[in-house]
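The values are calculated or read from the model by the stated rules, or taken from the named source; none is laboratory data. The shown structure was predicted, so the numbers you read here are calculated from the model rather than taken from an experiment. Don't worry about glycine lacking a Cβ; one is built from the backbone with ideal geometry, like all the others, and counts go over all protein chains shown.
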Amino acid sequence: MLPRHRLALAVCALFAAGAAFAAGPYKTSFGPTTVDISTGHAGHSSIPKKMGYWAADNVEVDVFGAAGAVAGLQMVASGKMDFITVTAEALMQAQAQGMPVQAFYVHARAPISKLVVPRDSAIKSVKDLKGKTIGMPVLELSSAYFGGVFREAGLAFDKDVKVIATGTGAPPALAMQRGDIVAWAAWDTAVASLENRGAQFTEFKPGFYDDLVGNVIVTRTEMLEKHPEVVVAVGRGIAKAVHFGLANPEGAIRIHWDVYPQTRPQNADPAAAMKDAKTVFVSRFDSYKLAPGMQYGAARPEQWDTIAKLAREAGANLPASYNPRQAYTDRFIAEINRFDRSAIEAQAKNYP
């Protein structure tokens with residue numbers, strides 16, 4: 001029979017263990033700003049779920065798409081969602097409107113927006129687009145990126161070209177074939193989908209391309225202050241997943257198909273399906289690649305200044321008093337990157 005003090009300690013330990021088990025992982029939520037969670041979104045959806053990267057840090061993440069950046073940011077600000085990925089420009093405008101949100105992780109390290117023309121087109125520069133008709137999936141004449149691209153060429157995006165909404169998939173491909181549009185301004189995975197239909201493109205990149213970032217991961221300031229361990233866990237799970245995907249794209253795609261079976265092409269030749277999926281996957285994961293010496297999620301302070309400048313020139317309502325560097329905090333980056341990259345690479349290369 002145990003002495004009373006040891007019995008009391010044992011009972012306390014059992015209660016503590018039971019409480020911890022009952023509490024379980026911290027339940028949180030993450031949303032890409034699209035309801036189409038294609039293979040390009042595997043880094044913040046299927047891979048960290050399937051490979052247990054989030055679970056390893058005791059978080060359970062419910063991933064569901066939000067219908068656009070504005071709706072998504074409102075959901076985060078109101079507590080209906082904890083994390084979302086949006087453009088830096090959208091984040092800045094939300095902050096300027098008083099939303100208590102901030103980025104803690106730069107996801108895409110390059111713009112996901114692309115201005116493309118058919119490879120055999122007579123259009124050889126942005127200047128050649130003056131007076132022409134170009135397409136966009138949805139009309140967004142206030143785009144900071146595309147506005148900057150045209151401004152650098154001495155043109156006004158909202159005046160010197162005609163812009164029409166084309167949607168994605170077959171309609172813009174047909175519009176190009178018929179000559180209804182001579183260029184397309186869209187995002188990376190949408191362009192990749194047209195490449196899967198046989199299109200070949202030339203992309204026009206501005207001189208300030210390397211001074212920008214693409215998507216960032218955002219949460220409420222309350223989460224940053226009250227649940228820093230959850231913030232780190234979500235970011236680290238995504239960093240691990242991106243590292244996995246870069247090491248084994250095809251394995252990552254198979255994981256995505258397993259978690260989101262509706263994204264696997266139906267009745268398609270397996271080799272052709274993988275080829276098409278890889279085109280979409282690489283179009284986004286290429287923007288996740290790190291330069292030597294960089295850490296996942298990190299950014300240079302001057303990048304925020306450049307983005308704010310472009311946004312203001314495009315008409316964004318950012319007050320003169322707004323400091324764009326407050327859009328992002330790097331205080332979690334060291335902890336997020338505290339994992340063995342070589343172990344993740346080995347895991348990826350050994351994945352079926």
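At a glance:
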quantity	calculated
Residue match in the stretch 192-213 (condition: charged (D, E, K, R), under 22 Å from residue 32 (Cβ atoms) and not assigned by TED's automatic domain parsing to the domain that holds residue 136)	no
Extreme residue, surrounded by the most Cβ atoms within 10 Å (Cβ to Cβ), among residues of the stretch 52-70 that are without any contact (Cβ under 8 Å) to a residue 40 or more places away in the chain and over 16 Å from the mean Cα position of the chain (by Cα)	55
Every residue from the stretch 71-85 that is under 14 Å from the mean Cα position of the chain (by Cα) and under 12 Å from residue 28 (Cβ atoms)	83, 84
Any hit, the stretch 214-232, residues being within 24 Å of residue 190 (Cα to Cα) and hydroxyl-bearing (Ser, Thr, Tyr)	no
Residue match in the stretch 118-129 (condition: among the β-branched types (Val, Ile, Thr) and under 28 Å from residue 217 (Cα atoms))	no
Some residue of the stretch 224-245 being aliphatic (A, V, I, L, M) and farther than 20 Å from residue 45 by Cα	yes
Strands (runs of 3 or more DSSP E) enclosed by the stretch 135-238 - at least 2 residues per element that are closer than 30 Å to residue 296 by Cα, in contact with a helix residue (DSSP H, G or I) (Cβ under 9 Å, 6 or more places away or on another chain) and in contact (Cβ under 8 Å) with a residue 40 or more places away in the chain	183-187, 201-203, 215-220
Residue match in the stretch 108-117 (condition: surrounded by 15 or more Cβ atoms within 10 Å (Cβ to Cβ) and basic (Lys, Arg))	yes
Residues located in the stretch 312-343, provided they are without any contact (Cβ under 8 Å) to a residue 24 or more places away in the chain and either of a type in the set (Val, Ile, Thr) or in a helix (DSSP H, G or I) (or both)	312, 342, 343
Residues located in the stretch 99-125, provided they are farther than 21 Å from residue 198 by Cα, at pLDDT 95 or above and out of contact with any strand residue (DSSP E or B) (no Cβ under 6 Å at 6 or more places or on another chain)	99, 102, 104, 125
Residue that is surrounded by the most Cβ atoms within 10 Å (Cβ to Cβ), among those in the stretch 260-311 that are charged (D, E, K, R) and not in a helix (DSSP H, G or I)	264
Qualifying residues in the stretch 126-141 (those that are within 21 Å of residue 212 (Cα to Cα) and in contact with an Asp or Glu (Cβ under 8 Å, 6 or more places away or on another chain)) - the one modelled with the lowest pLDDT	141
Restricting the stretch 20-59 to residues that are part of a loop (DSSP other than H, G, I, E, B) and among the hydroxyl-bearing types (Ser, Thr, Tyr), the residue that is nearest to residue 280 (Cα to Cα)	38
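Conditions tested, residue by residue: (1) part of a strand (DSSP E or B); (2) touching a helix residue (DSSP H, G or I) at 6+ places or on another chain (Cβ under 6 Å); (3) of a type in the set (Phe, Trp, Tyr).
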residue	(1), (2), (3)
71	no, no, no
76	no, no, no
81	no, yes, no
89	no, yes, no
93	no, no, no
103	yes, yes, no
110	no, yes, no
117	yes, no, no
131	no, no, no
